[in-house]
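Notes for the one structure printed next.
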Amino acid sequence: MADLYDEAEIRSQWARVRGGLRAEFGEATYRSWFKPLTLKDVRDGRATVSVPTRFICDWVVTNYADRICAMWNGLNDGLRALDVIVEAPNSATAAAKSDDDEVAAVPEMRDDIGGRLDPRFAFPNFIVGKPNEFAHAAARRVAESDAAPFNPLFLYGGVGLGKTHLMHAIAWHIRKRDPRRRVIYLSAEKFMYQFIRALRYKDTMSFKEQFRSVDVLMIDDVQFISGKESTQEEFFHTFNALVDQNRQVVISADKSPSDLDGLEERLRSRLGWGLVADIHPTTYELRLGILQAKSENFSQAIPGKVLEFLAHRITSNVRELEGALNRIVAHATLVGRDISLEMTQEVLHDLLRASDRRVTIEEIQKRVAEHYNIRLSDMHSARRARAVARPRQIAMYLAKQLTTRSLPEIGRKFGGRDHTTVMHAVRKVEELRSTDSGFSEDVELLLRMLES
Ligand code: ADP
Ligand code: MG
């Protein structure tokens with residue numbers, strides 16, 4: 001389609017990739033890691049981008065290069081690889097810009113240590129349903145109280161379910177109610193980035209100062225600092241200092257404090273001291289409600305049938321749901337057609353295939369236990385009798401086949417078994433499938449049941 005070497009086209013693709021990164025990772029992450037990227041060159045299917053520091057380079061390469069490349073490849077399949085190089089701060093305009101960014105004394109006083117707040121992420125735009133009503137109520141309480149009603153408020157849930165939205169909503173609400181209160185929102189990633197910068201520039205005093213003088217501190221995606229010891233240490237002290245002064249702290253993560261791996265014990269326990277509120281996966285009703293609310297923002301009419309179809313089929317999370325809706329509206333605008341069910345299926349066919357029902361390990365365990373008439377608890381137990389050990393192995397095998405979980409993750413779900421046990425189970429079942437046709441049929445049946 002696009003000419004790989006057409007400069008204007010490449011620039012426009014790069015701009016779209018950046019837009020995509022901003023949408024996907026949010027403003028804070030975008031500003032820390034993607035904004036400093038400058039496109040240098042595209043040649044032989046490889047794009048080269050430069051960054052001002054080795055630190056950003058390493059970070060981008062480890063965490064984001066694949067995603068950037070995949071996004072770009074989606075726009076231009078001739079683009080297959082991404083190289084990130086470091087370019088000294090005074091030689092490139094991008095570097096100057098990013099330095100600028102870091103030291104900028106923006107008018108909003110010292111709020112530059114925080115991330116930007118997305119104006120769309122406010123309470124009125126948050127649709128409440130069973131899966132999120134508790135988290136929403138807790139967030140509202142925090143936003144409306146002068147003293148910290150629970151400290152910290154710990155919000156957790158899977159990706160794209162509204163954690164960041166709720167945190168921004170709290171910040172907007174407090175700022176509106178009392179503009180004198182200092183509310184800082186930032187991702188744990190950015191917290192870490194700033195901390196490391198402060199260490200490098202031997203400026204930890206003012207770092208501490210900044211964070212410890214806020215009224216409300218919100219740190220998003222705290223799972224990010226798992227395994228990062230010195231950042232955790234600093235975070236722990238900041239956290240304690242604030243909580244001791246009765247300042248509100250709000251934290252989000254993808255797991256509950258007790259399930260967060262790689263966190264120091266004292267930090268983990270401290271995080272669970274306040275109110276822990278989880279956001280559950282969406283239900284059909286919530287998805288439909290969200291789609292109806294969002295569809296009102298578009299000038300095109302979107303038939304109810306299309307909304308229902310999307311609510312049925314895009315079940316992973318709200319972000320994907322929104323993305324799907326945006327895509328069909330964009331498509332309709334572009335080609336000047338009305339939105340219909342057929343068009344929706346056509347435009348989203350890749351997404352629909354990918355979101356075809358995914359089973360969970362729990363469902364697999366349940367089905368297999370029922371099938372072999374053993375107790376569900378035997379999936380986790382240490383019993384080695386063949387009558388329970390074999391079905392357990394089959395369940396592990398199915399978990400490997402039908403989910404994207406890693407061997408250690410699967411092992412954990414089976415009573416904390418080692419990944420080598422899972423590997424052994426997978427091999428054993430494979431071997432039996434090839435030698436025993438009765439066994440193979442049984443497994444085949446389970447596979448089909450779980451896939452339907
Ligand atoms: P998370 O931080 O949990 O990964 P986000 O807060 O970024 O998820 O939400 C992803 C997208 O879905 C955002 O655009 C957000 O506005 C939207 N969203 C999530 N939950 C809701 C909801 N209950 N009502 C309206 N929009 C929602
Ligand atoms: Mg988020």
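The values are calculated or read from the model by the stated rules, or taken from the named source; none is laboratory data. Note that the structure is predicted; figures quoted are calculated from it, not measured. Cβ atoms come from the backbone with ideal geometry, glycine included; neighbour counts cover every protein chain shown. Calculation scope for accessible area: heavy atoms of the full protein, side chains included, ligands and nucleic acids excluded. Shrake-Rupley method; radii C 1.70, N 1.55, O 1.52, S 1.80 Å.
Considering only protein heavy atoms, what is the solvent-accessible area of Lys366 at a probe of 1.4 Å, reported in Å² to the nearest 10?
110
Per-residue accessible area for Ile85 at 1.4 Å probe radius, Å² rounded to 10?
Counting only protein heavy atoms, the figure is 70 Å².
So for Met205, Met449, what's the accessible-area order with a 1.4 Å probe, most first? Display every interim value, and only then the final one.
Numbers: Met205 140, Met449 65 Å².
Output order, biggest surface exposure first: Met205, Met449.
Separation between the Glu370 and Ser213 pseudo-spin-labels, each 7 Å from Cα along Cα→Cβ, expressed in nm?
Each label point is offset 7 Å from its Cα along the Cβ direction, giving 6.1 nm.
Choose one of Gln365, Thr164, Pro281: the residue whose Cα lies farthest towards the positive end of the charge dipole of the chain (beta-carbon charges +1 Lys, Arg; -1 Asp, Glu; about the Cα centre).
Gln365
Starting from the Kirkwood radius over alpha-carbon pairs of the chain, derive D by Stokes-Einstein at 20 °C in a medium of 1.002 mPa s and give it in µm² s⁻¹. Don't skip to the answer; put the middle values down first.
Values: Rh = 24.9 Å.
Reported coefficient: 86 µm²/s.
With every protein chain in place, what's the accessible area of His168 (1.4 Å probe, Å², nearest 10)?
Rounded to the nearest 10, that gives 10 Å².
Helix 419-435 versus the longest principal axis of the chain: what is the Cα-based angle in degrees, 0 to 90, to the nearest 10?
Roughly 40 degrees, rounded to the nearest 10.
Among Gly262, Val243, Leu446, which residue has its Cα positioned farthest towards the positive end of the charge dipole of the chain, with +1 placed on the Cβ of Lys and Arg, -1 on the Cβ of Asp and Glu, and the dipole taken about the Cα centre?
Result: Val243, furthest along the dipole toward the positive end.
Quick one: dipole size for the chain, taken about the Cα centre, charges +1 on Lys/Arg Cβ and -1 on Asp/Glu Cβ, in debye to the nearest 20. Walk me through the intermediate numbers first.
On the way: 65 positive and 64 negative charges, 204 e Å.
Roughly 980 debye for the chain.
What 222 nm value per residue comes from the helices of the chain, counting each DSSP H run with n ≥ 4 as -39,500 (n - 2.57) and dividing by all residues, nearest 500 deg cm²/dmol?
Details: 20 runs with 248 residues, N = 452.
Per the formula, -17000 deg cm²/dmol.
Using only Cα atoms and rounding to the nearest 10 degrees, what angle (0 to 90) does helix 188-200 make with the longest principal axis of the chain?
The answer is roughly 50 degrees.
Heavy atoms only, 1.4 Å probe, whole protein assembly: order Glu234, Glu209 by accessible area, highest first. Provide the component values of the computation, followed by the final result.
Working: Glu234 10, Glu209 110 Å².
From most accessible down to least: Glu209, Glu234.
Using only alpha carbon positions, build the gyration tensor of region 178-233, then give the equivalent ellipsoid semi-axes as the square roots of 5 times its eigenvalues, largest first, whole angstrom. Each step should come with its number before you reach the end.
Working: eigenvalues 81, 48, 12 Å².
Its equivalent ellipsoid spans semi-axes of 20, 16, 8 Å.
Using the alpha-carbon centroid of each, what span in Å lies between region 152-202 and region 278-325?
The two parts, judged by their Cα centres, are 27 Å apart.
Looking at the square roots a ≥ b ≥ c of the eigenvalues of the Cα gyration tensor of region 361-451, which shape do they give, rounded for a/c under 1.5, prolate if a/b is larger than b/c, or oblate? The partial results should precede the final answer.
Numbers: a/c = 1.30, a/b = 1.21, b/c = 1.07.
Here region 361-451 falls in the rounded category.
At 0.36 nm per residue, and after removing the present C-alpha to C-alpha distance, how many nm does the segment from Ala15 to Arg67 gain when stretched out fully? Walk me through the numbers on the way to the answer.
Numbers: separation 52, 0.36 × 52 = 18.72 nm, distance 1.50 nm.
Full-extension gain reported as 17.2 nm.
Could you state the number of Å between the C-alpha centres of region 23-42 and region 238-276?
So the two Cα centres are separated by 29 Å.
For region 123-279, just run the numbers: alpha carbon Rg, then divide by 2.2 N^0.38 Å, N being how many residues it has. List each step's numbers first, then the result.
On the way: Rg = 14.8 Å, N = 157, 2.2 N^0.38 = 15.0 Å.
Taking the Cα Rg and dividing by 2.2 N^0.38 Å, one obtains 0.98.
Can you tell me the orientation of helix 163-177 relative to the chain, as the angle in degrees between its alpha-carbon axis and the longest Cα principal axis, to the nearest 10?
Once rounded, the angle reads 30 degrees.
With a/c under 1.5 counting as rounded, go ahead and sort region 313-404 into rounded, prolate or oblate using the C-alpha gyration tensor (a ≥ b ≥ c being the square roots of the eigenvalues; past the cut-off, prolate if a/b is larger than b/c, else oblate). Numbers along the way, then the final one.
Details: a/c = 4.76, a/b = 4.27, b/c = 1.11.
Cα axes put region 313-404 in the prolate bin.
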